[in-house]
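Have a look at the structure below, then the notes.
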Amino acid sequence: MLISPLSLIAAADLSLGKIPDKSSLSQQTLMELFIEGIQNRSPLFSSLEHPPSAELWDGIQSDSDGTVTRITWVGLLLQGSVKFMWLPMTTQSVRIIECGLTGSADLTCLPGSITYVDLSSNAFVGSADLTCLPEKLETLHLTNNQMSGTVDLTHLPDSLITLVLQKNRFSGVADFSKLPSKMLWLSVEHTDITGVIKKDDYPCIRFIGTNNSGVRQL
């Protein structure tokens, strides 16, 4: 598959330690950079030499002027990784579920417009930095990956309603004393996270999943 010249220039700048200004790059270039680490792109589009406009890719939803708003890839047999730093700033929802993707998931560079992220059932590794999530984010699903390390739950955005960390390799003591007041659903099941959740502190929360973890509910 051929990558556009602008994509090559942006990738070259990044390799030299320069961070290109996303606002200067087209939606097409950003999307091509986003999937640059995916080795087999045929599940996304049929043309291997000249990728069509990103709005024509499988699972891409755009508005009337062609700007990307939603990415929904479920059960695609993809190989490789994606770079979340290149998501178009107009992206509101990303659902990449059971697609076999690997590599890290840098959550610190998600677009500010995004409200929904579901990366369930892939093979993402590395840590999950939850301290710089977008201010509008309402849902974050990281279920059934291979992510590890400690999790900081003290700087979650006030907008966050659902946080699912279950079935990962997260560990260490977590501070549950500063969860968002709007949160309705929290799961740390099947992790090695430890800590204490005082349910009375969160009268609005509907579900707290702690089975097969080191977290206690009081």
message: Using a Gaussian network model on the chain with a 10 Å cutoff between Cα atoms, which of PHE124, PHE45, PHE84 fluctuates the most?
response: PHE45
- prompt: Given +1 on the Cβ of Lys and Arg, -1 on the Cβ of Asp and Glu, and no further charges, what dipole in debye does region 102-217 carry about its Cα centre, rounded to the nearest 20?
  reply: 280 debye
- prompt: Label VAL196 and SER53 with points 7 Å out from Cα along Cα→Cβ: what is the distance between them in nm?
  reply: 5.9 nm
query: For the chain, with the dipole built from +1 on Lys and Arg beta-carbon atoms and -1 on Asp and Glu ones, taken about the Cα centre, which of LEU78, SER213, VAL151 lies farthest toward the positive end?
result: SER213
query: With the dipole of region 102-217 worked out from charges on the C-beta (+1 for Lys and Arg, -1 for Asp and Glu) around the Cα centre, which of LEU133, THR115, PHE176 lies farthest toward the positive end?
result: PHE176
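What is the total of Lys pairs in region 64-218 with C-alpha atoms under 14 Å apart, excluding same-chain pairs fewer than 8 positions apart?
Numbers: LYS136/LYS182; LYS178/LYS198; LYS178/LYS199; LYS182/LYS199.
Lysine pairs meeting both conditions in region 64-218 amount to 4.
Determine the gain in length on full extension of the stretch VAL74-ASP21; use 0.36 nm per residue of separation and subtract their C-alpha separation, reporting nm with one decimal.
Details: separation 53, 0.36 × 53 = 19.08 nm, distance 3.02 nm.
That works out to 16.1 nm of additional length.
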task: Report, to the nearest 10°, how far helix 5-15 tilts away from the longest principal axis of the Cα atoms in the chain, using its own Cα long axis and a range of 0 to 90°.
output: 50 degrees
message: Can you give me the long-range amide H partners of GLY80? Hydrogens built in the peptide plane at 1.01 Å from N, cutoff under 5 Å, separation of 5 or more residues or another chain.
response: GLN39, THR102
- line: Residue-ordered couplings for region 75-89, obtained by feeding phi - 60° into the Karplus form 6.51 cos²θ - 1.76 cosθ + 1.60 and rounding to whole Hz (Gly and Pro as x), are x, 7, 8, 8, 10, x, 9, 10, 10, 5, 5, 9, 4, x, 5
message: How big is the dipole moment of the chain about its Cα centre under a simple scheme where the beta carbon of each Lys and Arg is +1, that of each Asp and Glu is -1, and everything else is neutral? Debye, nearest 20, please.
response: 520 debye
message: If amide hydrogens are placed 1.01 Å from N in the peptide plane, which non-local residues have theirs closer than 5 Å to the one on ALA128?
response: SER148
- prompt: Using a Gaussian network for the chain with springs between C-alpha atoms less than 10 Å apart, which of these wobbles most: SER46, SER127, SER81?
  reply: SER46
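Mind checking the full-extension length gain between SER171 and ASP63? Use 0.36 nm per residue of separation minus the Cα-Cα distance, one decimal, nm.
On the way: separation 108, 0.36 × 108 = 38.88 nm, distance 4.06 nm.
This chain segment gains 34.8 nm when fully extended.
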- prompt: Hey, in the GNM for the chain with a 10 angstrom Cα cutoff, which one of ARG169, ARG206, ARG95 fluctuates hardest?
  reply: ARG206
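FYI, it's all coordinate maths here, none of it is from the lab. Quantities reported herein were computed from a predicted structural model and do not represent experimental measurements. As a convention, Cβ positions derive from the backbone with ideal geometry for all residues, glycine included, and neighbour counts pool all protein chains shown.
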